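Single-structure report; data block below.
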Amino acid sequence: MQTQLNHKPAKLAIVGGGAAGMFAAAVAAERGLPCVLIERKARLGSKVLMTANGRCNFTKDIPPDRFLRDLECPGEAVAGISRSRFAADAIRECPPRKIIAGFRSLNVPLRRMADARMFPADGKAATIVHAFGDILRDSGVPVVTNCPVSGLQSAKNGFIVETKNFTLQAENVLIATGGVSYPKLGSVGDGQNFARRLGHRLVPYRPGLIGLETKDPRITRLAGRRFEDGRAKVITKDGATLYEYRGEVDCESFGLSGAAVYNCQRVIEHAGLDEYTIEVWFEHERLRFDNLKPRPVKEAIVTIGGVALDDVNPSTMESRKVPRLYFAGEVLDLDGPTGGYNLTLAFATARKAVASIA
Ligand SMILES: Cc1cc2nc3c(=O)[nH]c(=O)nc-3n(C[C@H](O)[C@H](O)[C@H](O)COP(=O)(O)OP(=O)(O)OC[C@H]3O[C@@H](n4cnc5c(N)ncnc54)[C@H](O)[C@@H]3O)c2cc1C
C-alpha cells in the first residue's frame, strides 16, 4: 500500500516537467492557482536543455496568423480538426510576442536572428530552464523530481496520481509528458498510455523533423559538412513541386539532415507520400533522391502522432472524454516545423490549459 500524500486533493497536478509542464506551473503560480509539478527525471527541462544544440530556439517572432499557417502541410488530407484550427485560440492568446515579452520581464537577455528565430542572448538553453526554476522557487510551487508517474485513475473528486512511492489526489490533472522521441530525456509515451486507458484515441507515432537515409557517396563522403545556404524541395510522383524550403542542408554518415531537409521530411510524412523525389541544393550542387527512408522516431526532433486532437477541446485543452483532465505540448498529435514552433506550441497549449482551470 502506497502512502497517500494528501488528504485534501491538490487543485492541479502537472505530470511532466518539460517545456509545457514548467510553463504551466509558472502560469499557475502567476495566477495563484495551487499546483504540484511531478517530473520523471532528476531535473526539470532535460529536453529543453538539448534544443537547438543547447541554444534553445524558443520561439519565432512572427504574427500569430503566420505562425498558424506554417503549421499546415501541403498535400495533407486532414480527417478531423486541423493543427492550425486546434492551436488557434492558444496561439492567439499566447503569441510569440507574448512569450518574448515574458522572458524579457524575467530579465533574460534575448537575441533575434534575421529570420525571426529567438534565442537567449548567451546562447544557453540552461538560461531558459533556470528562469523557470527561479519562478517556481520564488513562488513556492512544490516540484517533485526523480519521480515517474506510473498511473492515473479517475476518482470521485478528480484523480488519483500514482507513483512508486506515493499517491496523490488532484482535482485537475494536466498531462505534459511530451512525445516519444529522445526517450533518454524522459519522454517515453507515458501520458499517451494514460490517455488511451482513459478512453482517448491515439494517432500512431511517426518521426517529425528527422534526417533522411541515403548511402549515396556524393553525400556520405561529405559527412560532417553543414551548408547553411542550402535548399530542399519535395516533388510528387506527378512531377509537381509540393514544398520548398531555404535553409541548412547537412551531410551525415547516414544521409541528409539540417533544417531544410527536416521541414521537407515533415511535409512528406504529413502528406503520406510513399513515392516522391527530394531535391537538395548546396554549394552549387543540385542532387535528386527518390523515396528516402526517415531515421527512427526516437531520433526525431518532434513526434508526429499522440493524443487525437478531436478528443481535446481547443478552447480549454480539456479532454472531451474525461472532465478535468487536460493536455499540453507534444503529448498531443500537434507538431510544427523547425524554428521555435514546437516550444511555442508547448508553452501556448500549457497556458491555455491553466487559464481555463484557473
Ligand atoms: C534535439 C532536439 C532539439 C530541439 N530543438 C528545438 C528548438 O530549438 N526549438 C523548438 O521549438 N523545439 C525544439 N525541439 C522540440 C521541443 O524540445 C519539444 O517539442 C518540446 O520540448 C515539447 O515539450 P513538452 O513539454 O511537451 O515535452 P518535453 O519537453 O519532452 O517534456 C516532457 C517531460 O515529461 C516528463 N515525463 C514523461 N513521462 C513522465 C511520467 N510518467 N512522470 C513524470 N514525468 C514524466 C519527461 O521526463 C519530460 O521532462 C527539439 C527537440 C529535440 C529532441
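A short reminder: the numbers here are calculations on the coordinates, not readings from a lab. Only a predicted model underlies this, so the values are computations on that prediction, with no experimental measurement involved. Every residue, glycine as well, gets a Cβ built from its backbone with ideal geometry; the counts of neighbours run over all protein chains shown.
Would you mind classifying segment 89-165 by shape? Square roots of the alpha carbon gyration tensor eigenvalues, ordered a ≥ b ≥ c; an a/c under 1.5 is rounded, otherwise it is prolate if a/b is larger than b/c and oblate if not.
Prolate shape, in that a/c is at least 1.5 and a/b is the bigger ratio.
Using a 7 Å offset from the Cα along the Cα-to-Cβ direction at both ILE81 and GLU299, what is the distance between the two label points in nm, to one decimal?
Result for the modelled spin labels: 3.5 nm.
Explain nothing, just the number: dipole magnitude of the chain about its Cα centre with +1 on each Lys and Arg Cβ and -1 on each Asp and Glu Cβ, in debye rounded to the nearest 20.
Here the size comes out at about 820 debye.
Along the charge dipole of the chain, which of GLN192, VAL27, VAL261 sits closest to the positive end, that is, farthest toward it, with unit charges on the beta carbon of Lys, Arg, Asp and Glu (+1, +1, -1, -1)?
Toward the positive end, the furthest listed residue is VAL27.
Over the Cα atoms of segment 211-295, how large are the radius of gyration and the largest Cα-Cα distance (Dmax), in Å?
For segment 211-295, the Cα radius of gyration and maximum Cα-Cα distance read 11.4, 33 Å.
Report, in debye and to the nearest 20, how large the dipole of segment 1-150 comes out about its Cα centre when Lys and Arg carry +1 and Asp and Glu carry -1 on their Cβ.
Here segment 1-150 has a charge dipole of around 160 debye.
Hey, what does the equivalent ellipsoid look like for segment 111-241, semi-axes from the Cα gyration tensor as sqrt of 5 times each eigenvalue, largest first, whole Å?
So the equivalent ellipsoid measures 39, 25, 15 Å along its semi-axes.
So the label point goes 7 Å from the Cα of ARG112 along Cα→C-beta, right? Which residues of segment 54-74 then have their backbone N under 18 Å from it?
Counting backbone N atoms under 18 Å from the label point, the list is 57-68.
Over the chain, what per residue volume does the convex hull of the Cα atoms give, in whole Å³?
Convex hull of Cα atoms, per residue: 128 Å³.
So what is the 222 nm mean residue ellipticity for the chain from helices alone, if each DSSP H run of at least 4 adds -39500 (n - 2.57) and you divide by all residues, rounding to the nearest 500 deg cm²/dmol?
The helix contribution divided over the chain gives -9000 deg cm²/dmol.
Among ALA300, ALA223, ALA114, which one moves the most in a GNM of the chain with springs linking Cα atoms closer than 10 Å?
Taking springs between Cα atoms under 10 Å, the residue moving most is ALA114.
Give me the net charge for the shell around ARG104: Cβ to Cβ below 13 angstrom, other residues only, Lys and Arg +1, Asp and Glu -1.
Net charge around ARG104: +3.
Could you list, in their original order, any pairs among LYS98/LYS124; LYS321/LYS352; LYS98/LYS321; LYS47/LYS164; LYS124/LYS184 whose Cα atoms are separated by more than 26 Å?
The pairs that break the limit, which is 26 Å between Cα atoms, are LYS98/LYS321.
Report the extension gain between HIS130 and LYS184 in nm, rounded to one decimal, defined as 0.36 nm multiplied by the number of residues separating them, less their alpha carbon distance.
17.4 nm
I want to check the label-to-label distance for ARG43 and THR145. Put each point 7 Å from Cα in the C-beta direction and report it in nm to one decimal.
0.7
Whole angstrom only: what separates the Cα centroid of segment 69-146 from the Cα centroid of segment 192-239?
First find each Cα centre; the distance between them is then 23 Å.
Among PRO142, ALA79, GLY123, which residue has its Cα furthest toward the positive end of the charge dipole of the chain, with +1 on Lys/Arg Cβ and -1 on Asp/Glu Cβ?
Farthest towards the positive end: PRO142.
Please list, by residue number, everything in segment 81-101 whose backbone N is under 17 Å from a paramagnetic label point 7 Å out along Cα→Cβ of ASP310.
Inside the label zone: 81-87.
Where does the longest stretch of the chain lie that holds no GluC sites (Glu not before Pro) found in a DSSP loop with 12 or fewer other Cβ atoms within 10 Å?
Between the exposed loop sites, the longest stretch runs 1-274.
Give the residue list of trypsin sites (Lys or Arg not before Pro) in segment 221-307 that are DSSP loop and have at most 10 other beta-carbon atoms within 10 angstrom.
ARG221
If I model a spin label at ARG137 and ARG196 as a point 7 Å from the Cα along the Cα→Cβ vector, what separation in nanometres do I get?
About 3.9 nm separates the two model spin labels.
Roughly speaking, what is the stretch gain from LYS8 to ALA223, that is 0.36 nm per residue apart minus the C-alpha to C-alpha distance, in nm to one decimal?
Value of the extension gain: 71.6 nm.
Given a 10 angstrom Cα cut-off, can you work out which residue in THR127, THR344, THR59 is the most mobile in a GNM of the chain?
THR127
Of GLY339, PHE67, PHE103, which is farthest towards the positive pole of the chain's charge dipole, taken about the Cα centre with +1 and -1 on the beta-carbons of Lys, Arg and Asp, Glu respectively?
It is PHE103, whose Cα lies furthest towards the positive end.
Please state the charge dipole magnitude for segment 211-295, taken about the Cα centre, from unit charges on C-beta atoms (+1 on K and R, -1 on D and E), reported in debye and rounded to the nearest 20.
It comes to approximately 140 debye.
Build a GNM of the chain with springs between Cα atoms under 10 Å: which of SER187, SER253, SER46 gets the top mean-square fluctuation?
Checking each option, the largest mean-square fluctuation is seen for SER253.
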